[in-house]
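Input: a single structure, listed below in C-alpha cells.
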Amino acid sequence: AAGSSVLLAVNGTLMRGLELNPNMLAVGAMFVREDRTDACYRIWTIGDRHPAMLRTPGEGRQVALELWSVPSAGLATILQNEPPGLSIGKVVLADGSIVLGVLGEPFLCQGEREITEFGGWRAYIATKSSTAGA
C-alpha cells in the first residue's frame, strides 16, 4: 500500500551520524530505537569502511543495531546505494522477533577481520578513533 513502511535493522554506516545515514534520511526513514540481534550473528570489518554481519546459528553473539522505519518505496533506493556484497534479509532480534535487516554475503568476509568480540560496528570504530588520538 502507498505510504506503508517497514522496519529495517541496520548495523553499520546507515546508523545515526555515520557515513551512509543521509541515504536513510533522504528517503524519509525515521529512527525507532536501538536494539540487538539474537546471539547467533558474527560481524566483520570490510576494509574498515563498513561491517558485514552474518547469521551463524549455534555460534556468535548479540550484535548492536538500530531499527528504522523505512518507507517501503525507499527500501530499494537504500539497498542500491549500499556497498557491494551487502543485501537485505531477515534478522532475528534479541526478543525473537524477525525484521528486515542488512546482512553481508559470506564471500565478502573472506580474509577480513572479524570484530564480533566488540559487539557492534560503533564499538569497533570507537577503538579505531581512540588509537588515532582523535
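With Cα atoms defining each centre, the range 1-74 and the range 91-115 are spaced 10 Å apart in the structure.
Applying the Karplus relation 6.51 cos²θ - 1.76 cosθ + 1.60 with θ = phi - 60° to the range 62-76 yields 3J(HN,Hα) values of 6, 10, 6, 8, 10, 9, 10, 8, 10, x, 3, 5, x, 4, 5 Hz, where x marks Gly and Pro. What do you get for the angle between helix 121-131 and the principal long axis of the chain? Use alpha-carbon atoms, 0 to 90 degrees, nearest ten. Taking Cα atoms only, the helix is inclined about 40 degrees. In order along the range 6-21, the Karplus-derived 3J(HN,Hα) couplings, from 6.51 cos²θ - 1.76 cosθ + 1.60 at θ = phi - 60°, round to 10, 7, 10, 8, 10, 10, x, 6, 7, 6, 3, x, 9, 4, 9, 4 Hz, and Gly and Pro are given as x. Please give the FRET efficiency for residue 32 paired with residue 107, using the beta carbon to beta carbon distance and R0 = 35 Å, rounded to the nearest 0.05. That gives a FRET efficiency of 0.70. Measuring nothing but protein heavy atoms, the accessible surface of the chain at 1.4 Å probe radius is 54 percent carbon and sulfur.
Normalising the Debye intensity of the range 1-61 to I(0), with uniform scatterers on Cα atoms only, and taking log10 at q = 0.15, 0.17, 0.26, 0.29 Å⁻¹ returns -0.57, -0.71, -1.15, -1.23.
The GluC sites (Glu not before Pro) of the range 44-134 that DSSP puts in a loop, and whose beta carbon has at most 16 other beta carbons within 10 Å, are 59, 112. Assuming charge only on the beta carbon of Lys and Arg (+1) and of Asp and Glu (-1), the dipole of the chain about its Cα centre is about 120 debye to the nearest 20. Between residue 77 and residue 94, the modelled labels are 3.2 nm apart [label points 7 Å from Cα along Cα→Cβ]. Where does the range 60-134 land on Rg/Rh, using Cα atoms and the Kirkwood Rh? Radius of gyration relative to Kirkwood radius: 1.00. Electrostatic tally near residue 67: other residues with Cβ closer than 13 Å to its Cβ, Lys and Arg +1, Asp and Glu -1, net -1. With all protein chains kept in place, the per residue accessible area of the range 11-57 amounts to 46 square angstrom at a probe of 1.4 angstrom.
If you model the chain as an ellipsoid using its alpha carbon gyration tensor, with each semi-axis the square root of five times an eigenvalue, the axes come out at 23, 17, 14 Å, biggest first. The phi torsions of the range 29-35, fed into the Karplus equation with coefficients 6.51, -1.76 and 1.60 and a -60° offset, translate into couplings of 5, 10, 5, 9, 5, 7, 8 Hz, rounded to whole numbers, with Gly and Pro shown as x. Can you tell which of 91, 27, 63 shows the greatest fluctuation in a Gaussian network model of the chain with Cα springs below 10 Å? Of 91, 27, 63, the Gaussian network model singles out 27 as fluctuating most.
The values are calculated or read from the model by the stated rules, or taken from the named source; none is laboratory data. Values in this document were obtained by computation on a predicted structure and should not be read as measured data. Every residue, glycine among them, receives a Cβ derived from its backbone with ideal geometry; neighbour counts consider all protein chains shown. Just the protein is used for accessible areas: all its heavy atoms, side chains included, with ligands, DNA and RNA removed. Shrake-Rupley method; radii C 1.70, N 1.55, O 1.52, S 1.80 Å.
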